[in-house]
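Report on one structure; see the data block that follows.
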Amino acid sequence: MELSGTVHLNEASNNRYQFIYGSLKDATFFGVYAKFTVEKKTIKKVEVRSVNYNVNSRLGIKNMSVNPITTRTGKDHGARNSPTISFDCIGITLDLQTLDIGESPFREQDNLNIPLAEDLFLEVVRNPDPKDADNSSKEDKIEECKDSFLPTGEKMVEIIAPGGICPRGYSKIILS
């Protein structure tokens, strides 16, 4: 994969939040950071937090889940000729919504036992907000995202890159 972010998953990185995802929702640009607790090349716990770059927004993570290793296949749009590639990834799924006043921007999942190996990626998927179930079609949402993230105007429905097309982003996992 020619375009990706990176995350360091090792015991030396257990105490720091790492940037894993960024996007735009409801006129708010935001970032998602994660702190991974790793013991003996195994993920034991994941904590995430959102950071809004608009001080008037309460957009945040309502729920999150960490998913075991799965294989993904898709176009590597960062490479010449966009070849189809397959890769293994650990997934984090996020539900983003407006948080209640005083609600914590932190979410965590522990009691994990996900083994780490070479050549893994982290996939971050943003679930649609139920309040977005308006009259706009899925195609309208994709066009809106495409315009925001693909200034070249390329006609794509899928992209493998940090942030991807709105709801998805990938980072290479570095073990050392």
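Condition (residue is under 19 Å from Tyr170 (Cα atoms) and assigned to a loop (DSSP other than H, G, I, E, B)) applied to the stretch 44-64: is it met by at least one residue?
For the stretch 44-64, residues under 19 Å from Tyr170 (Cα atoms) and assigned to a loop (DSSP other than H, G, I, E, B): absent.
Just wondering, is there one or more residues in the stretch 165-176 that are under 25 Å from His8 (Cα atoms), of a type in the set (Phe, Trp, Tyr) and at pLDDT 90 or above?
So far as the stretch 165-176 goes, no, none of its residues is under 25 Å from His8 (Cα atoms), of a type in the set (Phe, Trp, Tyr) and at pLDDT 90 or above.
Spot the failing condition for Lys41; the list is (1) closer than 24 Å to Gln97 by Cα; (2) surrounded by fewer than 16 Cβ atoms within 10 Å (Cβ to Cβ); (3) among the charged types (D, E, K, R), and only one is missed.
Among (1) closer than 24 Å to Gln97 by Cα; (2) surrounded by fewer than 16 Cβ atoms within 10 Å (Cβ to Cβ); (3) among the charged types (D, E, K, R), the lone unmet condition for Lys41 is (1).
May I ask you to list the residues in the stretch 76-97 that are in contact with an Asp or Glu (Cβ under 9 Å, 6 or more places away or on another chain) and farther than 13 Å from Tyr170 by Cα?
Ala79, Arg80, Ser82, Pro83, Thr84, Ile85, Asp95, Leu96, Gln97
Would you check if there is a residue in the stretch 12-30 being part of a helix (DSSP H, G or I) and either in contact (Cβ under 8 Å) with a residue 40 or more places away in the chain or under 30 Å from Asn113 (Cα atoms) (or both)?
Scanning the stretch 12-30 turns up at least one residue that is part of a helix (DSSP H, G or I) and either in contact (Cβ under 8 Å) with a residue 40 or more places away in the chain or under 30 Å from Asn113 (Cα atoms) (or both).
Determine which member of the set Arg126, Arg80 is in contact with a Cys (Cβ under 9 Å, 6 or more places away or on another chain) and more than 17 Å from Thr37 (Cα to Cα).
Unique residue meeting the criteria: Arg126.
From Glu47, Glu39, Glu103, which residue is of a type in the set (D, E, K, R) and over 26 Å from Ser176 (Cα atoms)?
Sole residue among the options that is of a type in the set (D, E, K, R) and over 26 Å from Ser176 (Cα atoms): Glu103.
Do we find that Arg72 is of a type in the set (Lys, Arg), in a strand (DSSP E or B), within 15 Å of the chain's Cα centre (by Cα) and surrounded by fewer than 17 Cβ atoms within 10 Å (Cβ to Cβ) in this structure?
Yes: the conditions hold for Arg72.
Which residues, counting only those in the stretch 79-131, are closer than 16 Å to Leu24 by Cα and in contact with a Phe, Trp or Tyr (Cβ under 7 Å, 6 or more places away or on another chain)?
Val124
May I ask you to list the residues in the stretch 17-43 that are more than 13 Å from the chain's Cα centre (by Cα), within 16 Å of Leu175 (Cβ to Cβ) and not hydroxyl-bearing (Ser, Thr, Tyr)?
Those that are more than 13 Å from the chain's Cα centre (by Cα), within 16 Å of Leu175 (Cβ to Cβ) and not hydroxyl-bearing (Ser, Thr, Tyr): Phe36, Val38, Glu39, Lys40, Lys41, Ile43.
Kindly indicate whether Ser104 is of a type in the set (Ser, Thr, Tyr) and in a strand (DSSP E or B).
Details: of a type in the set (Ser, Thr, Tyr): yes; in a strand (DSSP E or B): no.
So Ser104 fails the test.
Identify all residues within the stretch 22-42 that are in contact with a Pro (Cβ under 8 Å, 6 or more places away or on another chain) and at pLDDT 90 or above; write none if there are none.
Of everything in the stretch 22-42, those that are in contact with a Pro (Cβ under 8 Å, 6 or more places away or on another chain) and at pLDDT 90 or above turn out to be Lys41, Thr42.
Taking Lys75 as the residue in question, decide whether it is modelled with pLDDT of 95 or more and at negative phi.
Against the criterion (modelled with pLDDT of 95 or more and at negative phi), Lys75 does not qualify.
The values are calculated or read from the model by the stated rules, or taken from the named source; none is laboratory data. What you see is a predicted model, and the numbers here were worked out from it, not measured in a lab. Reconstructed Cβ throughout: ideal geometry from the backbone, glycine too, with neighbour counts over all protein chains shown.
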